[in-house]
Amino acid sequence: MSLAKKYPKEIKQILSKYPPEHKRSAVMPLLYLAQREEGYLTKAAMQDVAQIVDITETEVVAIVGFYTLYHEEKGGKYRMQVCTDLPCALRGADEFMNSLCANLGIKVGETTADGSVTLEAVTCLAACDKAPMFQTQGPDGIKYHENMTVDRTMELISILKRSVREVR
Amino acid sequence: MEHILLRHRDIADFNTLNVYKKNDGFAAYKNAVTKMTPTEVTQVVKDSGLRGRGGAGFPTGMKWSFIDNKNWPHYIVANADESEPGTFKDREIMEGNPFQFLEGLAIACYAVGANVAYIYLRGEFWELAAFLDQKIAEMEKEGYLGDKLFGGEYSLRMYTHLGAGAYICGEETAMLESLEGKRGQPRVRPPFPPSYGLYGKPTVINNVETFANVPPILARGANWYKSLGTADSAGVKVFSLSGRVRKPGNYELPFGTTFRELIYTYGGGVQDSRSVKAIMPAGASSSLILVNDEKVLDTPMDYASVRTIGADLGSASVIVIDDTVRMDWLVNKTVHFFNHESCGKCTPCREGTYWMSNITERIREGRGVPGDVDLLLNVAKQMQGKCLCALGEFSTMAVVTGIERFPEDFKKAVSKA
């Protein structure tokens, strides 16, 4: 089903924020909407967005490629994005990340075998005083997890893994 | 001391409309719209000495007065893209004291004649954007936003807009491009946003913290505000303290507070009682301040004083580096960040950050050769003054000052190879 048919109310609400002659401004919120269900942007979804805001598909793809929170490839249901930038690294973020990799048996950028979690290293998330920290990007948006330990993170991962199993 | 910006730390439930109203919330806004002209509002902000809190420190009232009154409509965009490594103050202000920020934004809109304001939040502030949407809806319900406000002719609407993970969108013209639904790449300036901004219309862009200062300035007057801080840096600042300190966090303090007070009195001192080796006062974009003598720590944190020790105060995101940290490791971290965040529009930044990233990577991994340090310094210096926006320039700051002020660290790193 096309995006316009699936989310008529949401699309109308998004477009209402911008002057009608500048509906291109709605491209970013529409891309979030299009990414909501699958966790990544399909070709069809990008075509839908292009049509709604009246720009070319190429322009939409260029935008998707520019911003890190849009994904062109399927990842885990949850993307666990650990900040490893300087302030977090000064508070143990690299060691934290290494422990997560060891515990999950995957490398940075890889997804667990059950498809539940993709582990990613990201740049600053504006929570430098609460490192180690990460955000999870999933079907319900983006959530912060701060002052984390490896044990608490593994607990969270097992909850996320369970939620993926139950949906199946 | 009573907080002026982080008032939620003194008053419970300050992020609720009722509590905010009970504490004189929106009084300054109502007074401005019903009893003052836009020019008078701008004049008070000018007189207060308020300077932009996003990093550049440009006088706020002056920026407002640059708005082109021959071209309409006008817009305001609140910069809530907080992405500088080491900066986490705007998030606390918006979560804890959202109405003071929104009231300041509303007053600014009135002063420049804008009827629409956008709040551009970094995409990661997903939950915060939903929270602000609620607060905006409450303000509409109370008659602070909408048409014909306070029985007069002025109308104002506010909308949040989420970015999607791009540090460059904190640069004001890149932010405008992004808000227009394009890739966030900076524009060639001039023209500047007050004459050619969002949709080609006159636009003022200020940082969240800057707006949060406006209601107290209008309520208590320019002279009161100027009495805080120093002659060149009026008022208070939220300092984001991070790195190797015992108590990292935000500290609202008058400009002119010393690094020592921030790190030792408020921050609880350095972890494991080590000594401070270097300070980055403006996040990853900073020059590295060499702390080789106790006097450096006694430098007051204001725009002019920090310059005397070879750095800029910027957004006052103070990253503390202790004597266990190797500068070749640190520079690799900052360069990696800028390489990742370079938008690719101009060649010096796109290529320069790429090569600096390669060279610092091999130096850090012990694969560097003695010529690498000179090569790295050379690449950084070639970039300086040639980039389209400040990002490229910022990427070289830690590299150049790291090599020049901590040569031993780099010598050691390449001698192992």
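FYI, it's all coordinate maths here, none of it is from the lab. This structure is a prediction, so every number in the text was calculated from the model and none was measured. Cβ sites come from the backbone with ideal geometry, for glycine too, and all protein chains shown count toward neighbours.
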Subject >> Part-to-part distance (alpha-carbon centres) for the range B:337-396 and the range A:97-168, which is given in Å >> reply: 31
Original post:
Can you list the HN-Hα couplings for the range B:264-277, worked out from phi with the Karplus curve (6.51, -1.76, 1.60; θ = phi - 60°), rounded to whole Hz and with x for Gly and Pro?
Top reply: 9, 6, 8, x, x, x, 7, 4, 6, 6, 6, 9, 6, 9
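Taking the number of other C-beta atoms within 10 Å as the exposure measure, put A:Phe134, B:Phe58, A:Phe66, B:Phe337 in order starting with the fewest. Please list the in-between numbers first.
Values: A:Phe134 30, B:Phe58 12, A:Phe66 20, B:Phe337 27.
Ranking A:Phe134, B:Phe58, A:Phe66, B:Phe337 by Cβ neighbours within 10 Å, fewest first, gives B:Phe58, A:Phe66, B:Phe337, A:Phe134.
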Original post:
FRET efficiency for B:Leu375 and B:Glu408, Cβ-Cβ distance as r, R0 = 22 Å, nearest 0.05?
Top reply: 0.75
Subject >> Amide proton proximity set for B:Gly229, modelled H, under 5 Å, gap of 5+ >> reply: B:Gly235, B:Phe255
**OP:** Any chance you could give the angle, 0 to 90 degrees and rounded to 10, that helix B:390-405 forms with the longest Cα principal axis of chain B?
**Re:** 40
Subject >> Computed magnitude of the charge dipole of chain B (debye, nearest 20; Cβ of K, R +1, Cβ of D, E -1) >> reply: 420
**OP:** Within 10 Å of each residue's Cβ, count the other Cβ atoms and sort A:Glu110, B:Glu341, A:Glu38 from fewest upward.
**Re:** A:Glu38, A:Glu110, B:Glu341
**OP:** Select from A:Leu30, A:Pro87, A:Asn98 the residue farthest towards the positive end of the dipole of the range A:8-113; place +1 on Cβ of Lys and Arg, -1 on Cβ of Asp and Glu, and compute about the Cα centre.
**Re:** A:Leu30
Original post:
Based on DSSP, what percent of beta bridges with both residues in the range B:219-349 are antiparallel, to the nearest 5?
Top reply: 70
Original post:
Can you list the residues, at least 5 places off or on another chain, whose amide H is less than 5 Å from the amide H of B:Ala78, using H built in the peptide plane?
Top reply: B:Tyr118, B:Ile119, B:Tyr120
**OP:** Only Cα pairs under 8 Å and at least 6 apart count here; give the relative contact order of chain B as a rounded whole percent.
**Re:** 16
**OP:** Compute the separation of the alpha-carbon centres of the range B:287-332 and the range B:12-52 and state it in Å as a whole number.
**Re:** 35
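Based on Cβ point charges of +1 for Lys and Arg and -1 for Asp and Glu, what charge dipole magnitude is obtained for the range B:214-291 about its Cα centre, in debye rounded to the nearest 20? Let's see the in-between values first.
Numbers: 9 positive and 4 negative charges, 32 e Å.
Approximately 160 debye in magnitude.
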Original post:
What helices in chain A pass both tests, a Cα length along the helix axis of 20 Å or more and a mean Kyte hydropathy of 0.0 or higher, using whole DSSP H runs?
Top reply: A:150-167
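Filter A:Lys23/B:Lys201; B:Lys247/B:Lys412; B:Lys70/B:Lys135; A:Lys9/B:Lys141; B:Lys277/B:Lys411; A:Lys143/B:Lys22 down to the pairs with a C-alpha to C-alpha distance above 27 Å, please. Write down the numbers at each step before the final one.
Values: A:Lys23/B:Lys201 16 Å; B:Lys247/B:Lys412 32 Å; B:Lys70/B:Lys135 33 Å; A:Lys9/B:Lys141 22 Å; B:Lys277/B:Lys411 17 Å; A:Lys143/B:Lys22 32 Å.
In this structure, B:Lys247/B:Lys412; B:Lys70/B:Lys135; A:Lys143/B:Lys22 exceed 27 Å between Cα atoms.
Hey, got the dipole for the protein assembly as shown? About the Cα centre, +1 on K and R Cβ, -1 on D and E Cβ, debye to the nearest 20?
On the way: 68 positive and 71 negative charges, 94 e Å.
The dipole magnitude comes to about 460 debye.
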Original post:
Long-range amide H contacts for B:Lys277: which residues qualify at under 5 Å (H placed 1.01 Å from N, peptide plane, sequence gap of 5 or more or a different chain)?
Top reply: B:Ile321, B:Asp322, B:Asp323
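Please tell me the relative contact order of the range B:2-71 in percent, rounded to the nearest whole number, where contacts are Cα pairs under 8 Å and at least six residues apart.
On the way: 34 pairs, mean separation 10.9, N = 70.
Averaging sequence separation for qualifying contacts and normalising by length gives 16 percent for the range B:2-71.
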**OP:** Measure out, as a whole number of angstrom, how far apart the alpha-carbon centroids of the range B:99-141 and the range B:182-202 sit.
**Re:** 21
Subject >> Principal-axis tilt of helix B:126-141 within chain B, Cα atoms, nearest 10 degrees >> reply: 20
Original post:
How many partner chain Cβ atoms sit within 10 Å of a residue's Cβ in peptide A:125-135, on average, as a whole number?
Top reply: 6
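Where does each of B:Leu179, A:Leu41 land when they are ranked from fewest to most other beta-carbon atoms within 10 angstrom? Write down the numbers at each step before the final one.
Values: B:Leu179 24, A:Leu41 21.
Ranking B:Leu179, A:Leu41 by Cβ neighbours within 10 Å, fewest first, gives A:Leu41, B:Leu179.
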Subject >> 0 to 90° range, to nearest 10: angle between helix B:371-383 axis and chain B longest Cα axis >> reply: 30
**OP:** Take the Cα coordinates of the range A:55-168, assign each an equal point scatterer, and use the Debye formula without solvent to give log10 I(q)/I(0) at q = 0.09, 0.21 Å⁻¹.
**Re:** -0.25, -1.16
Original post:
Anyone know which of A:Glu146, A:Glu21, A:Glu95 comes out most mobile in the 10 Å Cα GNM of chain A?
Top reply: A:Glu21
